[in-house]
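A short worksheet on the structure shown next.
The values are calculated or read from the model by the stated rules, or taken from the named source; none is laboratory data. On a predicted model such as this, the values are computed, not experimentally measured, just so you know. Backbone-built Cβ (ideal geometry, glycine too); neighbour counts: all protein chains shown. Ligands, DNA and RNA are excluded from the accessible area calculation, which covers all protein heavy atoms including side chains. Shrake-Rupley method; radii C 1.70, N 1.55, O 1.52, S 1.80 Å.
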Amino acid sequence: MTDKPPGYELADRMALTEPAQVKAIGHPLRTTILQLLHERAATVTELAAAVERPKSTVAHHVDVLARNGLLQVVRTRKVRAIEERFYGRTARMFFVSAERTSDGAAMPGDFNDFEVAASESAPAFEEGKLWGFIRHARIPEEAASAFWGRMAKLVEEFDRLPRSGETTYGFAIGIYPTAHPTLPPAERPQET
């Protein structure tokens, strides 16, 4: 047992290298299940109660996540004559590998963390409790990549915070190229 959430052993990061893995995390209920398991391992029954969905529905989604290597059974216990399974994540952070798969297939393009964040954050915005920034900077790709590495460390820090309090907070972070306009190079003053 670890002293940091979620209380079981798991990898820090896992690259999603197969289209089926990316598709698996693209479903909102599966994303919610993964988020719940950041706190602690849970049974299908506990997950179903948390998301207020039928056990059979949740069991199906847990199975999809487990088949794709995103969940694992971290412990079991006997309840009457039935063995109850506690599921946990296989990694604290999943990230989509930018490389093509071995068969040349492209990753699905329908998973968008910012779309999820926008949907989840709407009530907080209406209540005046949404904190956020957006900035633009014209920088080389290498600098953007280095900056992303530092942001990933911040995400890992957020993931390791002890779970307490009454409210679950979302944390969205990203860096992306835009079509934002840029100024032409400044004209050099003519010497006279």
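What to note about this one:
- Subset of segment 162-192 (residues that are open to solvent by less than 80 Å² (accessible area, probe 1.4 Å) and either farther than 22 Å from Met14 by Cα or touching a residue at least 24 places away in the same chain (Cβ under 8 Å) (or both)): Gly165, Gly170, Ala172, Gly174, Ile175, Thr178
- Condition check for Ala105: modelled with pLDDT under 90, of a type in the set (A, V, I, L, M), assigned to a helix (DSSP H, G or I) and over 14 Å from the mean Cα position of the chain (by Cα): no
- Across segment 39-58, the qualifying residues are those that are under 19 Å from the mean Cα position of the chain (by Cα) and free of Cβ contacts under 8 Å to residues at least 60 places away in the same chain, and the one among them that is farthest from Thr168 (Cα to Cα) is Val58.
- Test: residue in segment 140-153 that is closer than 23 Å to Glu39 by Cβ, touching a strand residue (DSSP E or B) at 6+ places or on another chain (Cβ under 8 Å) and in a loop (DSSP other than H, G, I, E, B): no
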